[in-house]
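Novice: One structure, pasted below without further comment.
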Amino acid sequence: GDAIRIEGLTKTYAGRGGQPAKEALRGVDLTVPRGSVFGLLGPNGAGKSTLINILAGLVVKSSGSVRIWGWDQDVNPRQSRASIGVMPQELNLDPFFTPRGALEVQAGLYGVPKARRRSDEILRMVGLEDKADAYARTLSGGMRRRLLLAKALVHAPHVLVLDEPTAGVDIELRQMLWENVRRLNEERGMTVILTTHYLEEAEEMCGEIAIIDDGAVVARDRTSSLLGQID
Ligand code: ADP
Ligand code: ADP
C-alpha cells in the first residue's frame, strides 16, 4: 500500500477584505510509497505548505480525497491523524510550556501510554534532555526546532512530515535533523516527506521527489533522474 494517496486535491482560500479568492491547489494527484524519503520541491507560493497543512489536518481541503496509511481522512479521521506527525515551519510554541510538559500534553492528545517515559525517550532522541524543564520562551531557535520534531514523533507515527526543516538552520542542527530522519527511515521504516527549496537537501535525503508549481504537481521521479535533468 501507499503511505499517502492524494487524488484530485484542491484548495481555494476565500478572499477577504477585497482580496480575490486564491486557488492554492488545483487538482493534485500524488502517491508516496511506504518506507520512502520523499521530497516536495517548488518555489514560494507553489502550495507546499497548503498541502502539508491539509495532511496535518490544519487546513480543510476544498475537494478531492486524502488517504494516510490507507485511512481516508473523511471516513477515518482518527486513524488517519494517528498515522502522521507533522513538524511545522513556524516556531511558535506556547512560551510557558517546557519541552517535557509540551510533550506530555501532546502524548495525552494522542492517547500515548506511559506519556512521561515516552516524552523523556523522545527528548533524548532529539538531544533536548538538558532543556527538558526550561520554558519554551528561553529556548533558542534550534532548540525549538528540536522540540517541534519531538512533538511530531511522540505518538510514533508511520509518516513524518517536515515543512522546510532546515530553513535558516546552522550546519550542526541541519546534520542532527538529517541524521534523525535517516535513522527513523532506515531503522524504524518510517516514511518521511519533507518540503525544501534546497536542491542539495533533496539530493542528499530524498529517494524520490515531486515538484509542485502553481498548485499542481508538474514532475515526479527518482531524485537521481529528476535532478539530472535540471543540472
Ligand atoms: P484571521 O482573520 O482568522 O486572523 P488571517 O487573515 O490572519 O485570519 O489568516 C490566517 C492565517 O493565514 C494567518 O497565519 C495568515 O498569515 C495566513 N494568510 C492569510 N493570507 C495569506 C496569504 N495570502 N498568503 C499566505 N498566508 C496567508
Ligand atoms: P508554499 O508553501 O509553496 O510557499 P503556500 O501553500 O504557503 O505555498 O501558498 C500557496 C498560495 O496560497 C500562495 O499564493 C499563498 O499566498 C496562498 N495562501 C496561503 N495561505 C493562505 C491563506 N491562509 N489565505 C489566503 N491565501 C493563502
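Novice: Give the long-range amide H neighbours of MET87: residues separated by 5 or more places, or on another chain, with amide H under 5 Å away, using H modelled in the peptide plane at 1.01 Å from N.
Specialist: VAL161, LEU162, ASP163
Novice: Right, next: Return the FRET efficiency for the residue pair GLU200, MET125: r is the Cβ-Cβ distance, R0 is 25 Å, and the value is rounded to the nearest 0.05.
Specialist: The formula returns an efficiency of 0.50 here.
Novice: How many percent of Cα pairs in the chain exceed 33 Å?
Specialist: Cα-Cα pairs in the chain separated by more than 33 Å: 16 percent.
Novice: Tell me, what is a quarter of the convex hull surface for the C-alpha atoms of the range 20-131, in nm² with one decimal?
Specialist: About 9.4 nm², averaged over all directions.
Novice: DSSP loop trypsin sites (Lys or Arg not before Pro) in the range 1-103 with at most 16 other Cβ atoms within 10 Å of their Cβ, which ones?
Specialist: Here the sparse-neighbourhood loop sites are ARG16, ARG34.
Novice: Here's another thing I want to ask about it. Over the range 1-132, what is the relative contact order in whole percent, taking alpha-carbon pairs under 8 Å and six or more residues apart?
Specialist: Reported as a whole number, the value is 21 percent.
Novice: Follow-up. Could you give the nm distance between label points at ALA132 and GLU7, where each point is 7 Å from its Cα heading toward the beta carbon?
Specialist: Output for this residue pair reads 4.7 nm.
Novice: Return a single number: how many Lys pairs in the chain, at a sequence separation of 8 or more or on separate chains, have alpha-carbon atoms below 19 angstrom apart.
Specialist: Qualifying lysine pairs in the chain: 8.
Since every read-out is calculated from the coordinates, none of them should be taken as a lab result. Owing to the predicted nature of the structure, the values given are computational and were not obtained by experimental measurement. Here the Cβ is made from the backbone with ideal geometry for all residues, glycine too, and neighbour counts use every protein chain on show.
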